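Contents: one structure, followed by commentary.
The values are calculated or read from the model by the stated rules, or taken from the named source; none is laboratory data. The structure displayed is predicted, hence computed values, not measured ones. Here the Cβ positions follow ideal geometry from the backbone for every residue, glycine too, while neighbour counts run over all protein chains shown. Accessible surface areas use protein heavy atoms only, side chains included; no ligands, DNA or RNA. Shrake-Rupley method; radii C 1.70, N 1.55, O 1.52, S 1.80 Å.
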Amino acid sequence: MRMALALSVTLAQAACVATAPSVPAERGPMRVTNGGQPFQMWEGALARKSADAACGGKVRVSIYDRFDRATGEWVYPEGCA
């Protein structure tokens, strides 16, 4: 009886975990401009503040962050944190 109770409790807990909704993390690249206008290459700090604001908190920074000269956008490949 004790083994059956332990098994049913374990199965019930597993069912709760399996049915919990999963929220996908947004990890797509983020591209930011200066209010619709291109940034300059040296405006990285301002671009970072804009990306943080667009994320509603923090952008996920990495060594792959870069300035796209063709569009004037700063690109944050890791997206929002």
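Taking the residues in the stretch 49-76 that are touching a residue at least 12 places away in the same chain (Cβ under 8 Å) and either in a helix (DSSP H, G or I) or among the hydroxyl-bearing types (S, T, Y) (or both) as candidates, determine which candidate is nearest to P38 (Cα to Cα).
Looking at the filtered set, the residue picked out is T71.
Please indicate, with yes or no, whether at least one residue in the stretch 43-55 is on the phi > 0 side of the Ramachandran plot and modelled with pLDDT under 95.
no
From the set of residues in the stretch 34-48 that are outside any loop (DSSP other than H, G, I, E, B) and either more than 14 Å from T71 (Cα to Cα) or in contact with a helix residue (DSSP H, G or I) (Cβ under 6 Å, 6 or more places away or on another chain) (or both), which is least open to solvent (accessible area, probe 1.4 Å)?
This residue is G44.
Has the stretch 16-24 got any residue that is in contact with a strand residue (DSSP E or B) (Cβ under 6 Å, 6 or more places away or on another chain) and either open to solvent by less than 80 Å² (accessible area, probe 1.4 Å) or at pLDDT 95 or above (or both)?
No, because not a single residue in the stretch 16-24 is in contact with a strand residue (DSSP E or B) (Cβ under 6 Å, 6 or more places away or on another chain) and either open to solvent by less than 80 Å² (accessible area, probe 1.4 Å) or at pLDDT 95 or above (or both).
Could you list all residues from the stretch 58-81 that are open to solvent by 40 Å² or more (accessible area, probe 1.4 Å) and small (G, A, S)?
A70, A81
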